[in-house]
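Colleague: Questions regarding the structure given below will be posed in turn.
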Amino acid sequence: MSWPPQWRGAGVAESESAVTLSAAKGATRSTVEDPVLEKETRSQDDVDLPWQVVVHNDPVNLMTYVTMVFQRVFGYPREKAERHMLEVHQKGRSILWSGMRERAELYVQQLHGYLLLATLEKVS
């Protein structure tokens, strides 16, 4: 690892597995260890079961904006996007998509990127 020129000699020491930082002369040293990553395990049922992407009503976003987001994220035609938007507005939620979990997680993430309230649910 190579440090930017402004950091070299400024109390930053390098090693293979850790970086030691000191703020000033006489300051205590602390070592930042490599993080331990835990592998997420999922049961076969979690992976195989269909999952659904649910969007929830909020008082902030305009109906036209929500319709546009559904068109962009899911590729829905305007009429279908408007039907889902009205369902969210009238019933408080709408199931936008169902299928494999990884794709559903991606859709939820994309909807969050547009500041919409979306969740992932198992199909029961």
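Colleague: Relative to the Cα centre, what is the charge dipole magnitude of the stretch 45-122, using +1 at the beta carbon of each Lys and Arg, -1 at the beta carbon of each Asp and Glu, and rounding to the nearest 20 debye? Please list the in-between numbers first.
Modeller: On the way: 9 positive and 10 negative charges, 64 e Å.
In debye, rounded to 20, the stretch 45-122 gives about 300.
Colleague: Under the Karplus relation 6.51 cos²θ - 1.76 cosθ + 1.60, θ = phi - 60°, what is the ordered set of whole-Hz ³J(HN,Hα) values for the stretch 89-100, x standing for Gly and Pro?
Modeller: Using θ = phi - 60°, the values come out as 5, 8, 9, x, 6, 8, 8, 8, 7, 9, x, 5 Hz.
Colleague: Where does the stretch 45-122 land on Rg(C-alpha)/(2.2 N^0.38 Å)?
Modeller: Ratio of Cα Rg to 2.2 N^0.38 Å: 1.03.
Read the figures in this text as sums done on the coordinates, not as results from a lab. From a predicted model like this one, the values you see are computed outputs, not experimental measurements. As a convention, Cβ positions derive from the backbone with ideal geometry for all residues, glycine included, and neighbour counts pool all protein chains shown.
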